[in-house]
Every structure is written in C-alpha cells, then in structure tokens.
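Asks: Structure incoming, see below.
The values are calculated or read from the model by the stated rules, or taken from the named source; none is laboratory data. Please read these numbers as outputs of a predicted model, since none were measured by experiment. Positions of Cβ are backbone-derived with ideal geometry, glycine not excepted, and every protein chain shown enters the neighbour counts. Just the protein is used for accessible areas: all its heavy atoms, side chains included, with ligands, DNA and RNA removed. Shrake-Rupley method; radii C 1.70, N 1.55, O 1.52, S 1.80 Å.
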Amino acid sequence: MIHKRKTYIYICRAGLLYFYWAGFLSTFTLLRPCGRFLLFDQLFGPSHSHACACIDPAMASSLRSLVLDDSRYQECFKLFLQRSTEHQCMQDFIHKELPAILASVGNGKAHLNVIGVGSGAGEIDLEILSELHSKHPGASVDNEVVEPSAQQLHKYKALVAQTPTLDYYQQMLYYVNDPEATVRFFQSLLSENGKLLVILVSGKSGWGKLWQTYKNQLCHTDISQCVTTGDIQSFLDSEGVRYQSFELPSQMDITECFSQGDEKGELLLDFLTEVLDFSKTAPPELRAGVLELLRHPDCSVETNGRVMFNNNLGVIVLDRLT
C-alpha cells in the first residue's frame, strides 16, 4: 500500500514495475508470519512542508493507528471499496490507457518480471497482468508481490490459484520511510524498456487536502503515509526526471460520517483518518475540524443529499534511469 490506504508500486525489471500505494504499509506485528520480507528504512531526504491546522500535536498523541487492528482495517477497507469508485476508475485506466504503455515493455523478450508492492487481494494486479499478457502473448511472466496484510495475501493466493499460467512469489514489506527514495530505488531496478507505474491518491483529491491540513495529527512521523502524486511529481520535477501522468476521477460516499454514532460512518472515518476509533478517541477540536474539512468543497461535493468525497487517483509512469 503505503494507500494511505491505497498505493500500487509495480516493478518489472525487463517489463513492468507497478506501485499501488496502500497507506497501511506500516504495520510490524501483522507482517511477521508471512514469507520473506523486504525492509526499507530511513532511505533519505527531508519531509515535505505543508500547511497544517493549528491543533497541538500532543492532543492527538494518544491516537492509535488503524493498522494495529487488522480485522478493523479489513472491515474499513471493504466498506471503502463498496462506497468508492476506486477500482472502477483504475479498471478504466488499465483497459483504456495502459495497453499503449505496456506495448513498449520488454521489447520482444521471452520472459518478463513483475513486482507489485501493496497489491491487496490481487484483483487490480491480475487485470494489469492480463493486459500485459495480451500485449506480449508469447512471453512468460513471473509476478512477485509485496503486501503487508496476511488476509489480503490469502485472497491473492486464492485468486492466483485460478490462474495457472502465472508464476507467483511472495515477499513482505515492513514499511517505507521515504516514498521519494523508494520510487528512485525501484526505478533503478528497471532494465531497458522497463516501466515503473505509480498509482496513488491525487494531489488534487480530498485526501491531499486532508493530509495537508492535518498531517501532524493524522500521519505517523516514522512512516510516510501522507503522500500524493503531487508530492512525487514535485520531486521528479526538481530532479528533472521525465514522466507521464494521468488523473483518474473517483468519488467516495461519506454521508454517514456526519451522523454521530452511525456504525458505517465510524468505519469510514477510521479509514479516512487511519485512526482506530477516531470518532471516540480524537480530541473534540480535531474531530470537529476533520468533519468540517471533509464536508468543505475542497474535499467533497453534495449531490442529491449525499456527500461525495473527492477520491481521485493519479498515475505516474517512469522509464529506466539514464
């Protein structure tokens, strides 16, 4: 992830590297039972500066991360998928824009290596791999997956079991300290004609505004959860790196968030803030400020009595470093 709830990084040495940033790539205890692991720790660089709400960070110091309760997170994530058009907008991109990108991958090689970081249950991965296969029908594909949630990995394996032509390898990623360094690292792994595909929340989304305003209160200091395509693009622009970018329109219905005590609303608030039991444990000033911002036109629009949160995703496509 490290999605905020969502982020895909997909790697392919001779082929494709795709990166879906699921913001919960931070947990330690949930990851230990599963397979091999990669550890990216304190890779480099200063953090971005953002305007933040004037709320004492100490007030929020007792807040617990949602990642500490995997069953609660899975429940929140399931509701998020039901209430948002995230997968739909990604599928539109995969089937309309991605084929042209994949056509240049591999340059006729008979074997392609793919790594997915934060791959979730694999539904999006396999659609990407299906498009890759359609563009390179004669090539074999090895797919390596990095995913922090044991439950999501179990679902991924079950899905892969229905696709016998796909070779599958499992790894675990504990956490990424610096997303810019991570992108640079994965880009350095690409072979000639390889691609790095980064899919995460857009800097123009409601997530971007929420994180910009409440970064100090909601985002962990030891992991870079509050990152958008805008942050990555700023970094790439400063380095003079060429890339392609796409904006994927998406919405999420968060209406229940504004009904105090509503069970689904509390799940959505936990997911939006990545705080366990946010409505019950957040200081009153923080809770009121977050709710006000979520309803603000910078984050949401109201349509037919429903509050629709701007859940736009962004896509960045990078070539091999030269």
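Asks: Name the single residue, out of those in the range 111-150 being touching a helix residue (DSSP H, G or I) at 6+ places or on another chain (Cβ under 7 Å) and on the phi > 0 side of the Ramachandran plot, that is modelled with the highest pLDDT.
Replies: Among them, the one singled out is GLY122.
Asks: Could you tell me whether SER119 is closer than 23 Å to GLN74 by Cβ, outside any helix (DSSP H, G or I) and among the hydroxyl-bearing types (Ser, Thr, Tyr)?
Replies: Answer is yes for this residue.
Asks: A follow-up question, please. Can you tell me which residues in the range 100-129 are over 27 Å from ALA158 (Cβ atoms) and not β-branched (Val, Ile, Thr)?
Replies: Residues satisfying the conditions are ALA100, ALA103, SER104, GLY106, ASN107, GLY108, LYS109, ALA110.
Asks: Of the residues that sit in the range 290-300 and are outside any loop (DSSP other than H, G, I, E, B) and open to solvent by 70 Å² or more (accessible area, probe 1.4 Å), which one is nearest to SER279 (Cα to Cα)?
Replies: Once the filter is applied, the top-ranked residue is GLU292.
Asks: Right, something else. Hey, any hits in the range 259-271 for a residue that's among the small types (Gly, Ala, Ser), out of contact with any Phe, Trp or Tyr (no Cβ under 8 Å at 6 or more places or on another chain) and open to solvent by 10 Å² or more (accessible area, probe 1.4 Å)?
Replies: Within the range 259-271, one or more residues are among the small types (Gly, Ala, Ser), out of contact with any Phe, Trp or Tyr (no Cβ under 8 Å at 6 or more places or on another chain) and open to solvent by 10 Å² or more (accessible area, probe 1.4 Å).
Asks: Could you say whether any residue in the range 90-110 is at pLDDT below 80, crowded, with 20+ Cβ neighbours inside 10 Å and farther than 19 Å from VAL275 by Cα?
Replies: Yes, some residue in the range 90-110 is at pLDDT below 80, crowded, with 20+ Cβ neighbours inside 10 Å and farther than 19 Å from VAL275 by Cα.
Asks: Could you check SER250 against (1) open to solvent by 10 Å² or more (accessible area, probe 1.4 Å); (2) under 22 Å from MET90 (Cβ atoms); (3) not hydrophobic (A, V, I, L, M, F, W, C) and say which number it fails?
Replies: Going through (1) open to solvent by 10 Å² or more (accessible area, probe 1.4 Å); (2) under 22 Å from MET90 (Cβ atoms); (3) not hydrophobic (A, V, I, L, M, F, W, C) one by one, SER250 breaks only (1).
Asks: Criterion first (of a type outside the set (S, T, N, Q), at pLDDT below 75 and not in a helix (DSSP H, G or I)) does LEU173 satisfy it?
Replies: yes
Asks: Additional query: Only residues that are open to solvent by 40 Å² or more (accessible area, probe 1.4 Å) and either in a strand (DSSP E or B) or more than 25 Å from ALA100 (Cβ to Cβ) (or both): list them for the range 129-143, please.
Replies: SER140
Asks: OK, next. Name the residues in the range 180-197 that are hydroxyl-bearing (Ser, Thr, Tyr) and open to solvent by 60 Å² or more (accessible area, probe 1.4 Å), would you?
Replies: SER188
Asks: Looking only at the range 239-268, how many residues end up being in contact with a helix residue (DSSP H, G or I) (Cβ under 6 Å, 6 or more places away or on another chain), in a strand (DSSP E or B) and not acidic (Asp, Glu)?
Replies: Residues in the range 239-268 being in contact with a helix residue (DSSP H, G or I) (Cβ under 6 Å, 6 or more places away or on another chain), in a strand (DSSP E or B) and not acidic (Asp, Glu): 2 in total.
Asks: Additional query: Answer with yes or no whether THR228 is modelled with pLDDT under 90 and over 16 Å from the mean Cα position of the chain (by Cα).
Replies: Criteria not met by THR228.
Asks: Of all residues in the range 198-216, which are basic (Lys, Arg) and surrounded by 23 or more Cβ atoms within 10 Å (Cβ to Cβ)?
Replies: none
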